[in-house]
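Trainee: Got a structure for you, questions after.
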Amino acid sequence: MHSAVRLGACVNHWALYAVLLLLPVTGIGARYIDFETIGPVHVLLTRILFLLVTIHITAALWHLLRRDGVARRMLPSRLLRGR
């Protein structure tokens with residue numbers, strides 16, 4: 001896999017983890033502390049999450065169609081045996 005693609009995958013994964021950790025924090029903050037300030041951040045993070053998941057799914061399908069072996073590493077081995 002090309003180094004730029006590998007870097008993009010790494011950035012996307014870490015961004016997904018960061019957003020998934022920040023969403024509950026901002027949601028709780030918006031609910032209990034200050035909705036006017038924290039609420040828009042929560043909404044923005046929700047939209048970023050949607051974008052990151054879309055990129056992630058698109059990349060997974062791209063690897064599946066290319067048959068470059070990356071999709072094989074993502075799938076459980078029992079699915080590859082045809083069970």
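Trainee: Go through 18, 30, 4 for me and flag whichever is aliphatic (A, V, I, L, M), in contact with a His (Cβ under 8 Å, 6 or more places away or on another chain) and without any contact (Cβ under 8 Å) to a residue 24 or more places away in the chain.
Mentor: One residue alone meets the criteria, 30.
Trainee: Can you confirm whether residue 45 is surrounded by 14 or more Cβ atoms within 10 Å (Cβ to Cβ) and at pLDDT 95 or above?
Mentor: Against the criterion (surrounded by 14 or more Cβ atoms within 10 Å (Cβ to Cβ) and at pLDDT 95 or above), residue 45 qualifies.
Trainee: Which residue is surrounded by the fewest Cβ atoms within 10 Å (Cβ to Cβ), if the candidates are limited to region 48-73 and must be among the charged types (D, E, K, R) and part of a helix (DSSP H, G or I)?
Mentor: Result: 73.
Trainee: Additional query: Regarding residue 5, is this residue at pLDDT 90 or above and either of a type outside the set (Asp, Glu) or exposed (fewer than 13 other Cβ atoms within 10 Å of the Cβ) (or both)?
Mentor: So residue 5 does not fit the description; no.
The values are calculated or read from the model by the stated rules, or taken from the named source; none is laboratory data. Everything quoted here is computed from the prediction, not taken from an experiment. Cβ: placed from backbone, ideal geometry, glycine included. Neighbour counts: every protein chain shown.
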